[in-house]
Amino acid sequence: MRIRSSTTLAMMCFLFTGRVIAAGSDTTLVVPGEEHLVNLRQLTFGGENAEAYFSFSESQLIYQATRDSFSCDQQFVLDLGSGASRLVSTGTGRTTCGYFLPDDRRGLFASTHASGPECPPLPDFSQGYVWAVYPEYDIYTVATDGSDLRMLTGSPGYDAEGTVSPQGDRIVFTSSRDGDLELYSMNIDGGDLRRLTYELGYDGGAFFSHDGSMIVYRAWHYADSSAAGDYLRLLSRNLVRPSRMEIFLMNADGSGKRQLTDNGAANFAPFFHPDNQRIIFVSNMADPGGRNFDLYIIRTDGTGLKRVTYYESFDGFPMFSQNGTRLLFASNRNGRERGETNIFIADWRE
């Protein structure tokens, strides 16, 4: 499960035509200061569309959206050539965190549908701003026509946030199977499970480097007994408080962990530039109120931090193309209604 906006997007519902409009670039979409973004194009129009990721061939995207008769997120595949979009999840329960497997004929996502067709309840906001980590989530793969659904995880607790190495041999994901939210990796068939993190706190939202040797992720760990107690109390209710998360790096086997950011903000959705020397990520570090999220890029040694987007609300979930010439991300920009989130693609200018 990944942040999508400073508002709770899951509370909204919208009608979507089922086809992505092929739009040309629009210079009005670029905000002053966004010098890295050229030929910015909007790929979806209306409602909640987020967490879009390229297929290995980069001819398709997998993304999550609430649309049509669905009252919470389902997974869709978009053909970038034709603009056609199709449902690939079951249409029941709630889904999150789609990704492609290496042959582009199968996708990966987490879903609650095995526990019932209804959307699981929204988190208890009487606890403040919290996320739900639904224990009903399990990870599945599916053919991109929506057939041949296969479960990869079946342990009690939350299993979600799966992404695939560029080599196509491993999946990294977050699980509560051992009583905390930790990172694990497994083969793409679900075998050879390995635990990667052990510190108390939320470790999640992980992505591999382009050579598969490193993993970047978001985390915050609790040494203070009071904060640790609050974290464990919420986790026992399947909730987490995401107000502070920093970006961390480690080797793909879990060794060599190191903290990359230390700004006290909510940092998430890190993704490697293809040079494996830089990481683009999302943060609200520039907004004292914590509501405005933008994209930033930083070197893997923690130097060279630079802001990439300047839109006044939400920009998030960035992904570079394999050659680094295109950037995919979600944004509230150009929305016709408050809280609307759409998918955008730009040429990347160094």
Report summary line: With label points set 7 Å from each Cα along the Cα-to-Cβ direction at ARG237 and ALA143, the distance between them in nm comes to 4.4 nm
Report summary line: Sparse-neighbourhood loop hits (chymotrypsin sites (Phe, Trp or Tyr not before Pro), segment 88-182; DSSP loop; Cβ within 10 Å at most 16 others) -> TYR129
**Report entry** Dipole magnitude of the chain about its Cα centre (Cβ charges: Lys, Arg +1; Asp, Glu -1), debye to nearest 20
**Finding:** 360 debye
Query - Label-to-label distance, nm, for residues given as ASP178 and ARG258 (7 Å Cα→Cβ offset) - result: 2.4 nm
Query raised in the report: Nearest 0.05, what FRET efficiency do GLN277 and ASP103 give at R0 = 45 Å with Cβ-Cβ as r?
Result: 0.95
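For a test of the definition: using alpha carbon positions, the gyration tensor, and the 1.5 limit on a/c, classify segment 214-350 as rounded, prolate or oblate. Provide the component values of the computation, followed by the final result.
Details: a/c = 2.03, a/b = 1.23, b/c = 1.66.
Judged from the Cα gyration tensor, segment 214-350 comes out oblate (a/c at least 1.5, b/c at or above a/b).
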Report summary line: Along the dipole axis of segment 35-348 (charges at Cβ: +1 for Lys and Arg, -1 for Asp and Glu; origin at the Cα centre), the most positive-end residue among THR141, ASN292, PHE281 is ASN292
Report task. Loop only per DSSP, at most 15 neighbouring Cβ atoms within 10 Å: give me the trypsin sites (Lys or Arg not before Pro) in segment 67-170, ordered by residue number. Result -> ARG105
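Given a Förster distance of 25 Å, report the FRET efficiency between GLU312 and LEU122 from their Cβ-Cβ distance, rounded to the nearest 0.05. Spell out each step's value before the answer.
On the way: r = 26 Å, r/R0 = 1.04.
In this case the efficiency is close to 0.45.
What 222 nm value per residue comes from the helices of the chain, counting each DSSP H run with n ≥ 4 as -39,500 (n - 2.57) and dividing by all residues, nearest 500 deg cm²/dmol? Present the calculation step by step, with values, prior to reporting the outcome.
On the way: 1 runs with 12 residues, N = 350.
The helix contribution divided over the chain gives -1000 deg cm²/dmol.
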Query raised in the report: Where the centre of each part is set by its Cα atoms, how far does segment 272-350 sit from segment 112-126, in angstrom?
Result: 29 Å
**Report entry** Difference of contour (0.36 nm per residue) and Cα-Cα distance, THR303 to ARG86
**Finding:** 74.0 nm
Query raised in the report: Picking from MET319, TRP220, TYR129, whose Cα lies most toward the positive end of the charge dipole for the chain (charges on Cβ: Lys, Arg +1; Asp, Glu -1)?
Result: TYR129
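Laboratory data are not the source of any read-out in this text; all were calculated from the coordinates shown. In this text the structure is predicted, and so the values were computed from the model without any measurement. All Cβ positions, glycine included, derive from the backbone under ideal geometry; neighbour counts span all protein chains shown.
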